[in-house]
Structures are given as C-alpha cells and as structure tokens.
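Some notes on the structure that comes next.
The values are calculated or read from the model by the stated rules, or taken from the named source; none is laboratory data. As the structure is a prediction and not an experimental result, all values here were calculated from the model. In this analysis, Cβ positions are derived from the backbone assuming ideal geometry, glycine residues included, and neighbour counts consider all displayed protein chains. In case anyone asks, the SASA skips ligands and DNA or RNA and just uses the protein heavy atoms, side chains included. Shrake-Rupley method; radii C 1.70, N 1.55, O 1.52, S 1.80 Å.
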Amino acid sequence: MSRGAIFYEERKLKMEPKDLFSRRRGFDKPVTLWEDQLPENFVDGVRNVLDEAFTFTSESFEGCFHYVSLRLGWEKPYPLSTYQFIKLLRSRAWHQVLTALELVFEYCILNGLPISALRFQENMDYLFDVGHINWHFDNNGRLVKRVENITVIEKALSETVESLATAREHLKKAWDLFNKRPEADLPNCALEAVKAVESAALIVSGKKKGTFKEVLQELGLHPALSLGLEKIHAYRGDEAGVGHGKAELPDVTREEAELVLTVCAAIVTFLSEMKSKREASNRTE
C-alpha cells in the first residue's frame, strides 16, 4: 500500500461543528495567550500551498472552496478560485483562518485525495515553522499547540497571587516577546522570564534587598531545589545577550527561550503557592 493510501486509511474522520478549530480552542469567548494575528505574508503563503496541493489531483479547488464555505456559512464569490479564497481569508480573524485550513485538510481526506492532504499538511507545517506560528497539524489533521507545555504559562499568569503581580508582569512580557512579530525577541524573552523568578523570590522571602542566593536562603527550600533556582538565575548572567549586551546577534535559540520561559513559569507558580500558604497561615495566627 502506498504512503498516500496509508495516510488516507488512517484519517477517515469528519469533525462535528463543535470540533471546529475556533470552537474547540474557545476563541469565540475567552481571552487567550496566543497571538491575535498572523504574519502579514502568511495568507499569501497559504495560496502557494493550496495551488501545489491541488496540482496532485484532477479535481479543481472549487469543490474544496464550496465545502469550506458551506461548513463556515461563508458567502461564496465567483469564480471559486484560490485567489478568491485567499481574499476571503484576509477578511477573517486569525483563528477563523486556521479553522478554514483544518477544513481544507478534512475535505482532502473525505474526498479521497490523500496525496493532496499529505502535501497540504507538510507545506502548511513548514509555513507555520518559518513564520514562528505556534500551531501545527497533528496526525488527525487538527491544529494543535506547538508549545505543548503552554498550560504551565497559562497557570502562572492566571493563578499567581496578587502580591506577585510584578513577577506576573515580567512573565507576561516574556511571553509577548516570545510571540513578537515579525521576529521573536528571544534574548529578552529569557531575560524577562528570569526576572519574573527574581521578583517572585524576593517578595516571598520578605527581604528588601540582597543577592539572589541570600534571597533563596530565606525561602527555606531543599538545598537541591535552591541550587536549581540558582542555575536558572545564572543563565541570565552567563548567556551572552541575555544578561549583558554584545556586539553580534544574541545566541539564544527558540528552543532555549521556550525552555527558560516554561521553567520560570513553573517556578513562579510554585513560589505563588508558597506565598499563598504563608498568607493564609498569617491570617489564622
């Protein structure tokens, strides 16, 4: 069996309306951490992806256009070309664009176009990657978060106690820098994430000033845990372009920035819970 045939057989599915990207991810209601726009040239790239995907079939793009429009309740312009489809996408919110892309993938699968589906998925994932867009297609043709541990960041930003508001602001700024368009500011993302830990530790310790090591001593943590926090803090001073300026471009990769950001978010949550328990204990005394 060919790769395309296997791809098709493993993905015979159809999403119910409640499963559409916009609804599944809750973009109709809540405020999310994710970017509220796509890079300016992203939709132009989508047209290239569509044109290539549908060269692998004798079927024109019109059927796909009709299917997506029907599922989303869009008024269809004529002709039903990729040009008109892209024009429609430009007038839609970013999450509606991604919803439409999921439906293009679904159309290919349901209509026995496995090669088109495969090429569409591969090229779209490449487009997401080069655009630093935090989504990619899973094996079921659904868009999932590229940063899988985003829940760690969400928890830190939503559940941090009010007394650690400054730490939360540093963390939010780090997240914004991670998602900055057109290019992420990764060195300053890492810097702000570490600052969040510094701020939270200082407030929880109750110290007005002191070195980070002295602050950690006041927290009464296990020595191994204190050492781990020290190592995270040391990254700020040791990594060129994070704690200190440098003449050339800072050497902080996206993977490094993501690691520092999520680890620091988890530490802020930990310190927030420690602060909350101490505040509750003081109220009962």
Report whether or not residue 159 is in contact with a helix residue (DSSP H, G or I) (Cβ under 9 Å, 6 or more places away or on another chain) and exposed (fewer than 15 other Cβ atoms within 10 Å of the Cβ). yes
Consider only pairs whose beta carbons are under 6 Å apart and that are at least six residues apart or on different chains; among these, list those whose first residue lies in the range 204-219 and is without any contact (Cβ under 8 Å) to a residue 40 or more places away in the chain and whose second residue is surrounded by 14 or more Cβ atoms within 10 Å (Cβ to Cβ) and in a loop (DSSP other than H, G, I, E, B). 215/207; 218/207
Among the residues of the range 90-98, are any open to solvent by 60 Å² or more (accessible area, probe 1.4 Å) and part of a helix (DSSP H, G or I)? yes
Subset of the range 107-122, residues open to solvent by 10 Å² or more (accessible area, probe 1.4 Å) and either touching a residue at least 60 places away in the same chain (Cβ under 8 Å) or not in a helix (DSSP H, G or I) (or both), comes to 110, 111, 112, 113, 114, 115, 118, 119
Scan the range 182-216 for residues that are at negative phi and loosely packed, with under 14 Cβ neighbours inside 10 Å and jot them down. 182, 183, 208, 209, 211, 213, 214
For the range 73-84, pairs from a residue that is under 21 Å from residue 45 (Cα atoms) to a residue that is assigned to a helix (DSSP H, G or I) and open to solvent by 40 Å² or more (accessible area, probe 1.4 Å), with Cβ under 6 Å and 6 or more apart or across chains, are 80/62; 82/47; 82/51
